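The values are calculated or read from the model by the stated rules, or taken from the named source; none is laboratory data. Being a predicted model, the structure only gives us computed values, none of them experimental. Cβ: placed from backbone, ideal geometry, glycine included. Neighbour counts: every protein chain shown. Please note that ligands, DNA and RNA were not included when accessible areas were found on the heavy atoms of the full protein model with its side chains. Shrake-Rupley method; radii C 1.70, N 1.55, O 1.52, S 1.80 Å.
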Amino acid sequence: MNQSIQLSLFEGENTLTFAVSKDVECAVDQLSTDDKCRSHGSVYTKSEVVEFILDLLGYKAGKPLYEFRILEPAFGGGDFLLHIIDRLFESLVINGITPSFETLKKCICAVELHRETFQQTKLKALKRLCQFLPNDIAQRLTETWLTQGDFLLEPFKADFDFVVGNPPYVRQELIPAPLLSEYKMRYLTLYDRADLYIPFFERSLSLLNSTGALGFICSDRWMKNRYGGPLRSFVSRDYHLAVYVDMVGTAAFTEEVTAYPAITIFNRSGNKPTATVHRPEISRSVFNNIVDAIEQDDPGIGRNFFKPAMVQREGMEPWILESGDQIDLLRRIEANFPSIESVGCQIGIGVATGADKCFIAPFASLDVEDDRKLRLATTKDILSGEVKWRGLGVINPFADDGRLVDLQKYPRLRSYLEARKQAIAGRHCAKRAPERWYRTIDRIWPELAARPKLLIPDIKGEAHIVYESGELYPHHNLYFITSDEWDLRALQAILLSSLTRLFIATYSTQMRGGYLRFQSQYLRRLRLPKWELVDNLQRRRLIEAAQLRDPIACNEAVFSLYNLSEKERAAVGGNGK
């Protein structure tokens, strides 16, 4: 029998009713009491940053805020909510309005899923309201403004002037299956491996009125990653990115996070260039100057606090917010050179086993038949820039035809695997196909070990491209490139160059410490000439630069190969001059 989740919005009237199954209702209840999920989803924002976002959004006390409606879809510990309350009552004082329940009942709507968090923050909000109002009115407003429930399922009217907050960071694997299916049915942007903040964007933007604005501090991965494609398409159709503040390397939150976020301000209309700010100091005075500069459309107030940028956005394509010269260079290269894969280079990722402690061990001590193990390359083997194998090996349970080998024909392999069967068979992939319990998550192709290849760690500050002559099989934290057409040493020089770093930095998100993601989706963005079109002198210069691992020589050879002008060289940087 279907149950329904209902929201009493503002005046206690149910605006809509969404039917959900009993399984979904139980899943919502589970998440509302799950401390593990809360700890993954809650990252609290510093007070200065909250004030900055509210200012950028235009939610300022000088305005008649009692005439506006503001929504916070996941209020957590009240970082935004308490500041919103303070600004609302300051606005009443400035405008000489006597506070009352009727005046204020529609001003704020705030939602929180986790019950304990909801109750704790509700008490904070009540205490704050009691500073301005009699206790009974404060109590009524608290009950009216705050809702405990699932924002993605609760019914609302699309009539908000502002939506603001820090949406939850929750991976899909933490969401119960019935609820995840319900989300995917409702939200087209919940695509691939997208975190939960993605449908929060979709729902929140949809709830804005015709003049409304949204301000979120959130991971900016969706602007470039594959899973952000549908959201980029959704936003591009009907919304304008008014402000983008890159917060990489700043202490925006009360705790450290691996993927630093961005502040994004969206509205429903506008054709002005996006005001972009990069890594501002966490300071009220700096933030105030930035807001003043943006509002007066004058980047030169005091110093260059922001720069206008035309966001490059086409459907699901990654968004580009880099400097004009860099974008022009990338666009020229993309227009004039084919993709790396179309000129005979193959990009892949190493093997994921799902149980490394079982499938991976020192090669010499793996007591299986010789043709059932391969020498393994890991990130630690290539730390120096050259391969220094530490002696690990990986079990290969696959025959040449791609099927699992018959364990009856491999008694040593059978004995080895069965001694570890509890751990191996307990993996998710094994539970789905119990008869194939001893397979690795990825199929192993022994011929890959014998091929020369370039090995590339996922997360690095600079390009770390290592040539491997054809003896090792890559582990899952290594990407690899092979080619029967391009000389791999020459290709190594290109991948070590500043031009490649510009490509990766443009399309990748940055991690803590300025590290980039050298993932296959970004490596496939690279452009190369066909090898037969590279003359002998250029070939020799590329190969020699790679063998020396000389970044200046790599840049000079690569800049010459792509015929970069002096202006383009300056845009790339790193030319060593």
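For residue 459, nonlocal amide neighbours, meaning residues 5 or more places apart or on other chains whose placed amide H falls under 5 Å from its own, are 518. Once the Cβ-Cβ distance of residue 548 and residue 186 is raised to the sixth power relative to R0 = 51 Å, the FRET efficiency obtained is 0.35. Can you work out the PRE-style zone for residue 408? Point 7 Å along Cα to Cβ, and I want the residues of the stretch 417-437 with backbone N under 20 Å. Inside the label zone: 417-419, 434-437. Using just the helices of the chain, give the 222 nm mean residue ellipticity in deg cm²/dmol: DSSP H runs with n ≥ 4 each add -39,500 (n - 2.57), and the total is spread over all residues, rounded to 500. Helix contribution divided over all residues of the chain: -10500 deg cm²/dmol.
If I take all pairs of Cα atoms in the stretch 96-241, what percentage of them are more than 22 Å from each other? That tail contains 48 percent of the Cα-Cα pairs. Phi-derived couplings, Karplus 6.51 cos²θ - 1.76 cosθ + 1.60 at θ = phi - 60°, listed residue by residue for the stretch 375-383: 5, 10, 9, 10, 4, 5, 6, 10, 4 Hz, with x used for Gly and Pro. Counting only alpha carbon atoms, the long axis of helix 551-561 and the longest principal axis of the chain meet at about 90°.
Dipole check for the chain: with +1 at the C-beta of Lys and Arg, -1 at the C-beta of Asp and Glu, and the Cα centre as origin, the magnitude is about 1020 Debye. Here residue 272 is the anchor, and the lysines within straight C-alpha reach of less than 18 Å, apart from those fewer than 8 places off in the same chain, are 307. Computed log10 I(q)/I(0) for the stretch 268-399 at 0.11 Å⁻¹: -0.75, from the Debye equation with unit scatterers placed on every C-alpha and solvent omitted. When you restrict to C-alpha pairs under 8 Å that are six or more residues apart and normalise by the size of the stretch 375-496, the relative contact order lands at 27 percent. Answer rounded, prolate or oblate for the stretch 50-139, using the Cα gyration tensor with square roots of eigenvalues a ≥ b ≥ c: rounded when a/c is under 1.5, else prolate when a/b is larger than b/c, else oblate. Since a/c reaches 1.5 but b/c is at least a/b, the shape of the stretch 50-139 is classed as oblate. The mean sequence separation of alpha-carbon pairs under 8 Å and at least six residues apart, normalised by the residue count of the chain, gives a relative contact order of 11 percent.
Length available on full extension from residue 103 to residue 33: 0.36 nm per residue minus the Cα-Cα distance, which gives 21.8 nm.
When its C-alpha radius of gyration is set against 2.2 N^0.38 Å (N residues), the stretch 324-409 gives a value of 1.66. Shown for the stretch 443-548 is the translational diffusion coefficient from the Stokes-Einstein equation, using the Kirkwood radius over Cα pairs, a temperature of 20 °C and a viscosity of 1.002 mPa s: 148 µm²/s. Rounded, prolate or oblate, given the Cα gyration tensor of the chain, with a/c below 1.5 counting as rounded? It is oblate, given that a/c is not under 1.5 and a/b is not larger than b/c.
Taking the average, over residues, of other Cβ atoms within 10 Å as the packing measure, peptides 351-357, 394-400 rank 394-400, 351-357 from highest down.
According to the square roots a ≥ b ≥ c of the eigenvalues of the Cα gyration tensor, what is the shape class of the stretch 102-142, taking rounded for a/c under 1.5, prolate for a/b larger than b/c otherwise, and oblate for the remainder? Since a/c reaches 1.5 but b/c is at least a/b, the shape of the stretch 102-142 is classed as oblate. Cross-link reach is defined here as a Cα-Cα straight distance under 17 Å, omitting same-chain residues fewer than 8 places apart; for residue 409 the lysines meeting it are 373.
Remark on the stretch 405-464: Rg and Dmax equal 16.2, 48 Å (Cα only). Considering only 84, 516, 196, and ranking their Cα positions along the charge dipole of the chain that arises from unit charges at the beta-carbon of Lys, Arg, Asp and Glu, the one farthest toward the positive end is 516. Note on residue 407: accessible area is roughly 20 Å² with a 1.4 Å probe, heavy atoms of protein only. Taking each of 22/122; 431/453; 105/157; 224/453; 22/105 in turn, the alpha-carbon distance tops 22 angstrom for 22/122; 431/453; 224/453; 22/105.
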